[in-house]
Amino acid sequence: MNRSKSHDQPALSAPKSAEGRPGIHGRLYRIKVRGRLDPDWGEEFEGFEISFEGGNTVLTGPVIDQAALHGRLARIRDLNWTLLLVECLETPDWTVSDPNGNISTGRK
C-alpha cells in the first residue's frame, strides 16, 4: 500500500531568516509541575526559564516541534514529577500553503 502524502494536505515550510536560511522557530510552552524544584534543574531543561507559583514550579521555554515537546514531557515522567499543566503560549511561526498556492502564516 502506498503511503504517500495526499495532495490535499497543506505544505509546511519554516520561515527564512534574514540570510535566506530556514529559521529555527516553534512554539513557546508553559509546563507546570507539582512542588518547588531546585533551580539547579535548569540545566536539565536548557533554554527554559524556571519560576514558581505557590508551591509549584513553572518551566517556560521554546519547543521546536511535537517530538521535542514529547521528549520534555517524557523526561518529566521519568523524573516522577507530577505534571499539572501544559500550555502553548503562542502560535507557531510557520508558513502554510494550500494546494492552490494560497499562503497563510501561523503567527496571529
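Points to keep in mind about this one:
- The stretch 43-72: number of residues that are surrounded by 15 or more Cβ atoms within 10 Å (Cβ to Cβ) and part of a helix (DSSP H, G or I): 2
- Test: R21 is among the charged types (D, E, K, R) and modelled with pLDDT of 75 or more: no
- Between R27, R72, the distinction of being in contact (Cβ under 8 Å) with a residue 24 or more places away in the chain, out of contact with any helix residue (DSSP H, G or I) (no Cβ under 9 Å at 6 or more places or on another chain) and not hydroxyl-bearing (S, T, Y) belongs to R72 only.
One line per residue, one yes/no per condition, for (1) more than 19 Å from R75 (Cα to Cα); (2) at pLDDT 80 or above:
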{"residue": "A14", "(1), (2)": "yes, no"}
{"residue": "H25", "(1), (2)": "yes, no"}
{"residue": "I31", "(1), (2)": "no, yes"}
{"residue": "P39", "(1), (2)": "no, no"}
{"residue": "E43", "(1), (2)": "no, yes"}
{"residue": "E53", "(1), (2)": "yes, yes"}
{"residue": "V58", "(1), (2)": "no, yes"}
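The values are calculated or read from the model by the stated rules, or taken from the named source; none is laboratory data. In this text, all values refer to a predicted model and were calculated from it rather than measured experimentally. Every residue, glycine among them, receives a Cβ derived from its backbone with ideal geometry; neighbour counts consider all protein chains shown.
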